[in-house]
Amino acid sequence: MSMTRRDFLKSTSAATLSLASTAWSAQTTKDQPGDDEILAQCQAGIERHRKSDGVIVLRDATGKPVTNAAIRVEQLRHEFLFGCNFFMFNRTGDPEREEQYRRQFAALLNFATLGFYWASYESQRGKPNYKYTDQVTEWCKAHGVVCKGHPLVWDHPAGSPRWLPEDTAEIERLSAARVREIVARFKGRIDVWDVVNEATHLPEDINNTRMARWGKSLGPVDYVERHLGIAREANPAATLVVNDYRTEPAYLRILESLRAKSESLFDVVGIQSHMHGKVWPLRKVWEVCDTYAKLGLPLHFTETTILSGPRLGPGENWGETTVEGEARQAEETARFYTALFAHPAVQAITWWDFSDHGAWQRAPAGWLRRDMSPKPVYERMRSLIRDAWWTRLSGRSDASGQFRARVFHGQHRIEVELSGGRTVSSEAHWQRGNANRFEIRIP
C-alpha cells in the first residue's frame, strides 16, 4: 500500500484543514488552558476530526432492501499514519530479535520511514544500496505499511558523502541526479518523501560540509525549491515533505516563501519533536500545530522522541531504561499523541526509534527495550491506536435496509449475517469529506 499525492489530495482538503485549524486556535487562545484542560477537549476533537458518518445499504439481487440483518463493522487500517523509522530492519543481529522487531512493528504501526542518508546509502560513488531498500519495501507492502523516504537532501555530514567534489556545479548535478533517480526508481513503492531536511540553519554555518557550503551559496529557499521541483518532476503523484526541527519564524518564512513561488511545490509540513530533554507542554503542541496549519497544508510530526531513561552527561551519554522512566514515557507519549490526533491539521506521527537497540544518540527512546520486549509505552499506545481509536460496531439493518455508523477514517471490513447463518463480507474505506455510502448486494 502506498500514499500518493493524488490519494492525499483526495482524502484531505487543505481549505477544510485551514478553517478547522482557525476555529481550533480561537477556541484555545482565549483562556490559555493548561495540559489537563487541553486533554479534556481532545476527545471531542478526535470525534469531530477523525470520524465520519456513513451508511451501509443492503439490497438483494432484485434491488429490494434486506432488513433486520446483523451487521458488524471492524477497522482494518487507519487512514491516519502512525509510524516509526524502520532503520533496524535486517540489522538487529539476531533472528529471534529480528522476528520480534518486525512482528511488533506490523502489529501496531502502518507507516515506516526508510533511511536515504547519502553518506551511508552511497558510501562509494555510484553504488547506492538499492538492494536493501528493495527488501524493506517488499516486506512493508506485504504487511500493509506505507513507506516514506528520509532524507533525500541534507547538509549534515550524514547527507554529504566524503567523496563529493569541491566543485559546486558538480555537487548540484550529483544532488539533482540522486533525487531524480531515487524518486523515480521507487515510484509506487515509496511515494512519500522528506525531500529537504533542516534547511533553516544553512545561513548559520552549523554544518561545515560541501553540501552546506553549496546550500548556503544558494540560500535556503532556492536550495529547497530546486530539489522539490526535481522530485515532483520524477514522480508527480508523490507526497513531498519539507522537514525541520526548528519551529521558530525562520522555518515558517522559508515555507511561506516556497508557497508564494508555487502552491504545488510541496504537500506537507514536516515538524520534528525530539524531546530528549523536556517534554513539550500541550499548549506548545497546539500553538505549533495552529501556526503551521495556517499554511493550508497538513502536518506530519516526522521525528518524535520521549525517553525512558536519564541523561548521564553531555553528548551521547544516556542511562539505560528504568521502571520509573518507562512509566513516565508511557504517560507523556499518550498525552502527546492524543493532542496531535485531536488536531485537524495533523495527518501523521512518526516515532524515533522503535527499539532502544540502535536508537539515535544511543538513548532509551524505543517503544521496545534492547531485547525487543515491549515497554509500557508500547502497550499504552496499542490500547489507543488499536482499541480506543479503532472501530468495532455491530447492529442491524433497518426497514430500508440501511445501517448508519460513525467510524474512524480508514479501511473497514463489513460482515453481514443473514438468516440461517450465512455471511457476506465486504470492505469499505471511510474518508473525511466523502459521502461514505456503501451498498452491498446480497446474492
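The values are calculated or read from the model by the stated rules, or taken from the named source; none is laboratory data. This is a predicted model, so every value here is computed, not measured. Positions of Cβ are backbone-derived with ideal geometry, glycine not excepted, and every protein chain shown enters the neighbour counts.
Which condition does N208 not pass, out of (1) within 30 Å of I306 (Cα to Cα); (2) modelled with pLDDT of 95 or more, if it passes all the others?
Exception for N208: condition (2).
Considering only residues that are part of a strand (DSSP E or B) and touching a helix residue (DSSP H, G or I) at 6+ places or on another chain (Cβ under 9 Å), which ones fall in segment 69-86?
Q75, H78, F82, C84, N85, listed by residue number.
This table checks each residue for (1) over 25 Å from L340 (Cβ atoms); (2) at pLDDT 95 or above; (3) of a type in the set (A, V, I, L, M, F, W, C).
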site: D191; (1), (2), (3): no, yes, no
site: V195; (1), (2), (3): no, yes, yes
site: R226; (1), (2), (3): yes, yes, no
site: E233; (1), (2), (3): yes, yes, no
site: A238; (1), (2), (3): no, yes, yes
site: L255; (1), (2), (3): no, yes, yes
site: H274; (1), (2), (3): no, yes, no
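Please go through segment 331-356 and give me each residue that is crowded, with 20+ Cβ neighbours inside 10 Å and either under 24 Å from R103 (Cβ atoms) or of a type in the set (D, E) (or both), ordered by number.
T333, Y337, A348, I349, T350, W351, W352, D353, F354, S355, D356
Within segment 24-47, take every residue that is surrounded by fewer than 13 Cβ atoms within 10 Å (Cβ to Cβ) and aliphatic (A, V, I, L, M) and give me the one that is modelled with the lowest pLDDT.
Once the filter is applied, the top-ranked residue is A26.
Return the only residue of P236, P161 being in a loop (DSSP other than H, G, I, E, B), under 15 Å from A119 (Cα atoms) and in contact (Cβ under 8 Å) with a residue 12 or more places away in the chain. Working first, answer last.
Values: P236 fails: under 15 Å from A119 (Cα atoms).
Testing whether each residue is in a loop (DSSP other than H, G, I, E, B), under 15 Å from A119 (Cα atoms) and in contact (Cβ under 8 Å) with a residue 12 or more places away in the chain leaves just P161.
Restricting to segment 105-122, and then to whatever is in contact (Cβ under 8 Å) with a residue 24 or more places away in the chain and assigned to a helix (DSSP H, G or I), can you tell me which residue is nearest to V196 (Cα to Cα)?
Taking segment 105-122 and keeping what is in contact (Cβ under 8 Å) with a residue 24 or more places away in the chain, we get 105-120, 122.
Imposing the further condition that a residue be assigned to a helix (DSSP H, G or I) reduces the set to 105-108, 118-120.
Working: F105: 26, A106: 28, A107: 30, L108: 28, W118: 12, A119: 15, S120: 17 Å.
Looking at the filtered set, the residue picked out is W118.
Restricting the search to segment 181-192, which residues are crowded, with 17+ Cβ neighbours inside 10 Å and either free of Cβ contacts under 8 Å to residues at least 60 places away in the same chain or among the polar types (S, T, N, Q) (or both)? Walk me through it before giving the result.
Looking only at segment 181-192, we keep the residues that are crowded, with 17+ Cβ neighbours inside 10 Å, and these are 182-183, 186, 189-192.
Once the filter is applied, which keeps residues that are crowded, with 17+ Cβ neighbours inside 10 Å and either free of Cβ contacts under 8 Å to residues at least 60 places away in the same chain or among the polar types (S, T, N, Q) (or both), segment 181-192 yields V183, F186.
Kindly state which strands (runs of 3 or more DSSP E) lie completely within segment 367-438 and contain at least 3 residues that are under 23 Å from L108 (Cα atoms) and touching a strand residue (DSSP E or B) at 6+ places or on another chain (Cβ under 9 Å).
On the way: elements: 392-396, 402-408, 410-417, 423-430.
The qualifying strands (runs of 3 or more DSSP E) are 402-408, 410-417, 423-430.
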